[in-house]
Amino acid sequence: MSLVSEEFPEEVPPRAEEITIPADVTPERVPTHIVDYSEAEQSDEQLHQEISQANVICIVYAVNNKHSIDKVTSRWIPLINERTDKDSRLPLILVGNKSDLVEYSSMETILPIMNQYTEIETCVECSAKNLKKIMKPACIKALTRIFKISDQDNDGTLNDAELNFFQRICFNTPLAPQALEDVKNVVRKHISDGVADSGLTLKGFLFLHTLFIQRGRHETTWTVLRRFGYDDDLDLTPEYLFPLYVPLYLSCWLGYSILTEQESQASAITVTRDKKIDLQKKQTQRNVFRCNVIGMKNCGKSGVLQALLGRNLMRQKKIRDDHKSYYAINTVYVYGQEKYLLMHDISESEFLTEAEIFCDVVCLVYDVSNPKSFEYCARIFKQHFMDSRMPCLIIAAKSDLHEVKQEYSISPADFCRKHKMPPPQAFTCNTTEAPSKDIFVKLTTMAMYPEDHYRDRLSRDTGNTDRIENLRKVWVFLKTAFHARLRCMCTCNRCTFCICQNFLNSELLQSIKNKIFTAILNRLRARVAEWGAMLLADDEGSITHQVHAVSSVEDSIFMESSHGPLFLEARHVTQADLKSSTFWLRASFGATVFAVLGFAMYKALLKQR
């Protein structure tokens, strides 16, 4: 009766007559028939008949009457359900009336009832006397988030510019200056702290939407809610939370599309080339790298994530546990370049899912003060990462505490040496200043250059890290120098003949050949000296013959080195020399090295051409 007359009747009959609300005055354009039921005047049979014709049922209780609230579950819901099929239960709305008589809300009592009966759609509190309606908690929570997103300068109020921005993105129409003043005047009239000097407060913002709902303008509030990604159940839609190509961490950037006036958060994403191409080219276009942080519960993973945000242990203790996220992202500088490292705290589990394995670098964390902590890291590494090319770094967390021996077959340091990984990195966030960012720089570097990390693992396999690195540098130098010294033999410079001739006639190749020949000759001279010592009893002519043979070999070598393929004329070497196994072994080794080097350079040249 208050709904129809917009005023509270002084005399209320036991049962109101049927009320019909025409379609043109409802937001959804649906005609609505409201049928009242009075237990004092009507029988259960009449109630069952009305239930069979209803599309939705409102159960009204008095917020100041406990017996009235108890009757919701003791009588009304069972009575309704026994006359309806379990699979086609009617939606129920709980209405708490007489809210003007109390200073508290009945929602704490009603919420368990709503959780017990899934057919209850919602609960509202109202007052038929002062026409007051109270929004449900989920709506208040959603509108509060919308207010905070719209408050771009984070001063706790919406100034005129922010109100105009809000109006434009929701309704595509800005507010005139006078209209803005009218809105604030309405709020000032009803709520003393609804408007501050700098603009509209959160209380004022919520009051405006309450006013819209009380005046039947539900579509205004629903337009705002849907623009900010909410569905009919006041949940953020999957399309809003997880737009195409956007990973899960980015769903936390709620409001990005609103503030930038884009269709979705996907506009924040730049799709770079495939990671396989990055590995081939040994460089990346990416700026964001994902690190999965793995370890036992309470090993210090959350401390590592908070340290990435610059928070030491003292600041971390002030953060409520339910406010700590499983994700942290911050900038990290690698070789002067600004990159973003996203760290994801993976919950302890015996087996990781594919999604929990997928990342750019793995951070395995163990607690130095817990003897059972490292075993989990070792087991996870062997199960998922030992045979992969995934860069892994082990963090010895809580290093400010007393370190105990880990209950594992080998120590963490020996484990890292055995599996060719960097040694465990000591880390603590129990500092007076912001924690060190060294491990984050190292993790980002490993994520940017995973092949370098893998090559380091291979080099540690042979125990010759320095030698392999030097060979790599020599190879780069040879390839560069060889390419620079090539001279064209014909106009094409692409055919196999030209490439081979350029290769054979290059100054660098001649230099390499001469060095190999010199080494061989020096070895021959050493052998001659040994033979001379053995033949002191022989005549002088025999020794002269031996030296002449060596001179013939030297002349033959240098003659052939300037005219074509290499061969050795040893016709004048004695039969004893030809049988020397040392001579042939060293000569074969030199020839093999030369052939391998030449073939590798030839393939590299073909690839570049």
In the set VAL293, VAL246, the lone residue that is modelled with pLDDT of 75 or more and open to solvent by less than 20 Å² (accessible area, probe 1.4 Å) is VAL293
Residues in region 208-220: is at least one modelled with pLDDT of 90 or more, surrounded by fewer than 17 Cβ atoms within 10 Å (Cβ to Cβ) and within 25 Å of CYS126 (Cα to Cα)?
no
Given (1) over 30 Å from ASP274 (Cα atoms); (2) open to solvent by 10 Å² or more (accessible area, probe 1.4 Å), ARG389 misses just (1)
Near pairs, Cβ below 8 angstrom, 6+ apart or cross-chain, from region 37-60 (loosely packed, with under 13 Cβ neighbours inside 10 Å) to any residue that is assigned to a helix (DSSP H, G or I):
ASP44/LEU79
Counting only residues that are among the hydroxyl-bearing types (Ser, Thr, Tyr), part of a loop (DSSP other than H, G, I, E, B) and closer than 22 Å to ALA128 by Cα, region 13-48 contains a total of 3
Within region 141-153, which residues are over 25 Å from ALA179 (Cβ atoms) and not charged (D, E, K, R)?
none
Members of region 95-128 that are closer than 24 Å to GLU11 by Cβ, part of a helix (DSSP H, G or I) and open to solvent by 40 Å² or more (accessible area, probe 1.4 Å):
ASP100, LEU101
Going residue by residue through region 78-88, is there one that turns out to be in a helix (DSSP H, G or I), closer than 29 Å to GLY194 by Cα and open to solvent by less than 70 Å² (accessible area, probe 1.4 Å)?
no
Of the numbered conditions (1) at pLDDT 95 or above; (2) open to solvent by 40 Å² or more (accessible area, probe 1.4 Å); (3) aromatic (Phe, Trp, Tyr), TYR366 fails exactly one; give the number of that condition.
(2)
Filtered residue count, region 152-166, keeping only those that are closer than 17 Å to GLY255 by Cα and not in a loop (DSSP other than H, G, I, E, B):
6
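For (1) within 16 Å of ASN430 (Cα to Cα); (2) touching a helix residue (DSSP H, G or I) at 6+ places or on another chain (Cβ under 9 Å); (3) among the hydrophobic types (A, V, I, L, M, F, W, C), each residue gets a yes or a no:
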{"position": "MET296", "(1), (2), (3)": "no, yes, yes"}
{"position": "ARG315", "(1), (2), (3)": "yes, yes, no"}
{"position": "LYS324", "(1), (2), (3)": "no, yes, no"}
{"position": "TYR333", "(1), (2), (3)": "no, yes, no"}
{"position": "ASP360", "(1), (2), (3)": "no, yes, no"}
Answer residue from region 1-36, given it is open to solvent by 100 Å² or more (accessible area, probe 1.4 Å) and among the acidic types (Asp, Glu) and is farthest from ARG217 (Cα to Cα) among those:
GLU11
If a residue must be touching a strand residue (DSSP E or B) at 6+ places or on another chain (Cβ under 8 Å) and open to solvent by 60 Å² or more (accessible area, probe 1.4 Å), how many such residues does region 179-207 contain?
1
Filtered residue count, region 61-70, keeping only those that are closer than 16 Å to TYR117 by Cβ and surrounded by 15 or more Cβ atoms within 10 Å (Cβ to Cβ)
2
Which of (1) touching a residue at least 60 places away in the same chain (Cβ under 8 Å); (2) assigned to a strand (DSSP E or B) does CYS139 not meet, given it meets every other one?
(2)
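Just give me the residues in region 115-135 being under 29 Å from GLY255 (Cβ atoms) and without any contact (Cβ under 8 Å) to a residue 24 or more places away in the chain, in sequence order.
Matches in region 115-135: none.
The values are calculated or read from the model by the stated rules, or taken from the named source; none is laboratory data. Please read these numbers as outputs of a predicted model, since none were measured by experiment. Cβ sites come from the backbone with ideal geometry, for glycine too, and all protein chains shown count toward neighbours. Surface accessibility is based on the protein's heavy atoms, side chains included, excluding ligands, DNA and RNA. Shrake-Rupley method; radii C 1.70, N 1.55, O 1.52, S 1.80 Å.
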